[in-house]
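Trainee: Take a look at the following structure, please.
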Amino acid sequence: MISGQSALTPGNRGGPRQTQVTVVRNYQACIPLTRILGEGDIVLLLTPVVTPLEQNGSDPFEPFGRALAARHPWIRHVPYTARNGITDTHVGFIRRAKAVLFVISGPPSAGQSSQADIAEVSRSVGVEKPHIIVACGNIQDLGPMEASFPTVIQLSGYSAQDLRTAAAVLFGESAGAGTGGVKVQELIMPPEHWPPEEWDARDVTPVLELWNHSLPDQFHLARFPLQNILQRDGYAMHFIVRLPETREIIGFCATYTTFVDKAGERLIGSLAMIIVKSPYRRRGVGKSLYDHAVRQLKRIRGVDRLRLGSTYPRLLSGIPAGFSSEEWFQRRGWAMDRLGPGRGQYICDWLLKIEDWPNGGFSSVPPGLVFRQATFDDFEPVSDFIARETARKDYTYTGWYDQYMNVAHDGRLGDIILGLDRSRIVAAALVYTPHEGSPLALDLPWAGTIGRDVGGVSCICIADDNGAMTSSKDTVMIRLLDACISVLRDQGMQRIYLDAIKGGDEGFQSMGFQKWAMYSEIWKPI
């Protein structure tokens, strides 16, 4: 913790205390704000309506607004209430702002909405903007939602002195704890070329440490899941940058190649991750890794598309929402206007408590529609169905054919859930539990990372509407999920994880799902 000036504050029983401000995480690289703000850029300050600390009844967050405005005149201070949350007025301000400072005064009172939940709504409105959470108390009180915020600072409270110190930290005039002791000269050294070398995969420890220091808590991995995903002979090439003096690994890039469909002739090259140790960012390490990795992928015969993130094995489906790295990739020619496939459209991972699933609350199954686990007799029809659908929508279903065949060849036909319309396969999905050796569980680590009671549903493939289907795709999706959940419930799972789902946010939320992560899906032909 970094100590500021002593200040007498209400609640101290008259005794002095040290103001403490901690930079918990700065994954968007937006602290200090001077990095991202120019003249005229609006910063929106959203603060809760709380009981005043002073007897004069003034808003306790006014000193914060004044301290920020003294450094950047374009501050817009707008309160919010637990009852009304984010209103249309707030939405207008969020959309005009360059960055948002969202203040959380503490955990909710009985019957109140969580300020952390309101912050998530604010972030979803301005998902491309830096959102800085200013927590006036222990961030652990915010619950599991806390880990999803990429930029967080923690204050001792919200006294005037706490808030003035926070303003100084936000503008780089005072270092907060958690900045890693980076020297100023390290931040302003010009970029240079760092020669990448191929990683031999023998010692995963430095890469594990780099991964867990660079990603939000929800994406932290234990040694085995990360090692398993990285060590894929024949499908993976990974590169590192070392400090010449000490041989310390300061940058890492993971890449994979995956077959697009059954034909096995076309490949997609995945830039699964590029991570750089914080003191060496903005010095050319990431660019050196990126340029080298792209050159290597383009040399591989059959690669006709490049992707940010990976399909299988999966680390991240794309760039996590809110990460400042989107702009970095845009400067290198990646389109992110969200106007078409591969151009930054959002995909989500969802989490459901099975007890929240409306079991038995659906209308009866339409005539002719049946859902069940596959058997060995279904192998050929399943193979034909997945091959046909993945060929038709290869940009959506990249790599799915191999996943279905891996499960089938492993003898786990029961992990394939089918929807049949009058004996014709119209839908399929894969289910898995994290600790029973499923090949899909080894490729998708997040269900097992979330908890041992989390089962996964993946590769949801539904045929396009056509004359042979007597039910809508929405009906088929709901019934298919119901069948998958029933199977996983019988296997002792209490929660369900869905990965890389495009659209349908309102529908999934209405069925009890909570958004676990959101990514920008980005790929381009070469």
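Trainee: Label-point separation (nm) for V91 and V78, each offset 7 Å from Cα along Cα-to-Cβ?
Mentor: Distance between label points: 1.1 nm.
Trainee: Could you tell me the number of lysine pairs in the chain with C-alpha atoms less than 16 Å from each other, where the two lysines are 8 or more residues apart or belong to different chains?
Mentor: Qualifying lysine pairs in the chain: 11.
Trainee: Counting only the backbone N, which residues of segment 371-385 are under 15 Å from the spot 7 Å out from the Cα of A391 toward its beta-carbon?
Mentor: 381-385
Trainee: Follow-up. Heavy-atom accessible area per residue, the chain, 1.4 Å probe: how many Å²?
Mentor: Values: 23300 Å² over 526 residues.
That works out to 44 Å² per residue.
Trainee: Continuing with this model, one more query. Only four residue types carry charge here, +1 at the Cβ of Lys and Arg and -1 at the Cβ of Asp and Glu. Report the dipole size of segment 426-526 about the Cα centre in Debye, rounded to the nearest 20.
Mentor: Numbers: 8 positive and 12 negative charges, 28 e Å.
Dipole size: approximately 140 debye.
Trainee: A follow-up question, please. Per Stokes-Einstein, at 20 °C and 1.002 mPa s, what whole-number D in µm² s⁻¹ belongs to segment 407-526, with the Kirkwood radius over Cα pairs as the hydrodynamic radius?
Mentor: Working: Rh = 15.5 Å.
Estimated via Stokes-Einstein, D reaches 138 µm²/s.
Trainee: Counting only residues 5 or more places away or on other chains, whose amide H sits under 5 Å from the amide H of I104 once H atoms are built in the peptide plane?
Mentor: Result for I104 returns V134, A135, C136.
Trainee: Suppose R0 equals 35 Å; then what is the FRET efficiency for Q140 and I300 from their Cβ-Cβ distance, rounded to the nearest 0.05?
Mentor: After rounding to 0.05, the efficiency reads 0.15.
Trainee: Using the Karplus curve 6.51 cos²θ - 1.76 cosθ + 1.60 with θ = phi - 60°, work out ³J(HN,Hα) for each residue of segment 60-75 in order, rounded to whole Hz, and write x for Gly and Pro.
Mentor: Karplus values, whole Hz, x for Gly and Pro: x, 9, 4, x, 5, x, 5, 5, 5, 5, 5, 9, 8, x, 9, 8.
Trainee: What FRET efficiency would be calculated for the residue pair E327, Q509, taking the C-beta separation as r and a Förster radius of 41 Å, to the nearest 0.05? Walk me through the numbers before you get to the answer.
Mentor: Values: r = 29 Å, r/R0 = 0.72.
Calculated transfer efficiency: 0.90.
Trainee: Cα gyration tensor of segment 251-375, axes a ≥ b ≥ c as square roots of the eigenvalues: rounded (a/c below 1.5), prolate (a/b > b/c) or oblate?
Mentor: Working: a/c = 2.61, a/b = 1.75, b/c = 1.50.
Verdict is prolate for segment 251-375.
Trainee: Still on this structure: Tell me, what % of the accessible area of the chain is carbon and sulfur with a 1.4 angstrom probe? Walk me through the intermediate numbers first.
Mentor: Numbers: 11390 of 23300 Å².
Summing carbon and sulfur atoms, their accessible area is 49 percent of the total for the chain.
Trainee: Would you mind checking which residues have amide H under 5 Å from A321's amide H? H placed 1.01 Å from N; only 5 or more apart, or other chain.
Mentor: Amide H neighbours of A321: M518, Y519, S520.
Trainee: Please report, to one decimal in angstroms, the Kirkwood hydrodynamic radius of the chain built from all distinct Cα-Cα pairs. Don't skip to the end; give the middle numbers.
Mentor: On the way: mean 1/r = 0.0399 Å⁻¹.
About 25.1 Å for the chain.
Trainee: Assuming R0 = 56 Å, what is the FRET efficiency of E39 and D233, from their Cβ-Cβ distance, to the nearest 0.05? Mind showing how you got there, number by number?
Mentor: Numbers: r = 53 Å, r/R0 = 0.95.
Efficiency at R0 = 56 Å is approximately 0.55.
Trainee: State the Cα centre-to-centre distance between segment 150-165 and segment 375-451 in whole Å.
Mentor: Measuring centre to centre over Cα atoms gives 49 Å.
Trainee: May I pose another question? Taking +1 at the Cβ of each Lys and Arg and -1 at the Cβ of each Asp and Glu, which of Y346, A293, Y404 sits farthest along the dipole of segment 283-423 towards its positive end, judged by Cα position relative to the Cα centre?
Mentor: A293
Trainee: If you average the alpha carbon positions of segment 242-304 and of segment 21-80, how far apart do those two centres end up, in angstrom?
Mentor: 38 Å
Trainee: If you place +1 on the Cβ of every Lys and Arg and -1 on the Cβ of every Asp and Glu, how big does the dipole about the Cα centre of the chain come out, in debye to the nearest 20? Before the final figure, lay out each step's value.
Mentor: Numbers: 54 positive and 56 negative charges, 265 e Å.
So the magnitude is around 1280 debye.
Trainee: Mind listing the phi-derived Karplus ³J(HN,Hα) values for segment 275-285, rounded to whole Hz, using 6.51, -1.76 and 1.60 with θ = phi - 60°, and x for any glycine or proline?
Mentor: Along segment 275-285, the couplings run 10, 10, 4, 3, x, 10, 6, 6, 10, x, 5 Hz.
Trainee: How far, in nm, would the chain grow between K502 and V49 when pulled straight, counting 0.36 nm per residue and subtracting the alpha carbon separation? Working shown, then result.
Mentor: Working: separation 453, 0.36 × 453 = 163.08 nm, distance 3.60 nm.
Computed gain between K502 and V49 is 159.5 nm.
Trainee: Follow-up. For segment 29-38, take each phi angle, set θ = phi - 60°, evaluate the Karplus expression 6.51 cos²θ - 1.76 cosθ + 1.60, and give the result in whole Hz per residue in order, putting x for glycine and proline.
Mentor: 6, 10, 10, x, 5, 4, 5, 10, 9, x
Trainee: Give me the distance in nm between label points sitting 7 Å out from Cα along the Cα-to-Cβ direction at R343 and S114, one decimal.
Mentor: 3.6 nm
Trainee: May I pose another question? Once you sort the root eigenvalues of the Cα gyration tensor of segment 41-131 as a ≥ b ≥ c, which label holds: rounded (a/c under 1.5), prolate (a/b larger than b/c) or oblate (the other case)?
Mentor: Details: a/c = 2.15, a/b = 1.09, b/c = 1.98.
Oblate is the answer for segment 41-131, as a/c is 1.5 or above yet b/c matches or exceeds a/b.
Trainee: Which residues' amide hydrogens lie under 5 Å from the amide hydrogen of S156, considering only partners 5 or more residues apart or on another chain, with H built in the peptide plane?
Mentor: Hits under the 5 Å cutoff: Q20.
The values are calculated or read from the model by the stated rules, or taken from the named source; none is laboratory data. Treat the numbers as computed from the prediction; the structure is a model and nothing was measured. For neighbour counting, all protein chains shown are included, and Cβ atoms are generated from backbone atoms with ideal geometry for every residue, glycine included. Heads up: the accessible areas ignore ligands, DNA and RNA and are worked out on the full protein's heavy atoms, side chains in. Shrake-Rupley method; radii C 1.70, N 1.55, O 1.52, S 1.80 Å.
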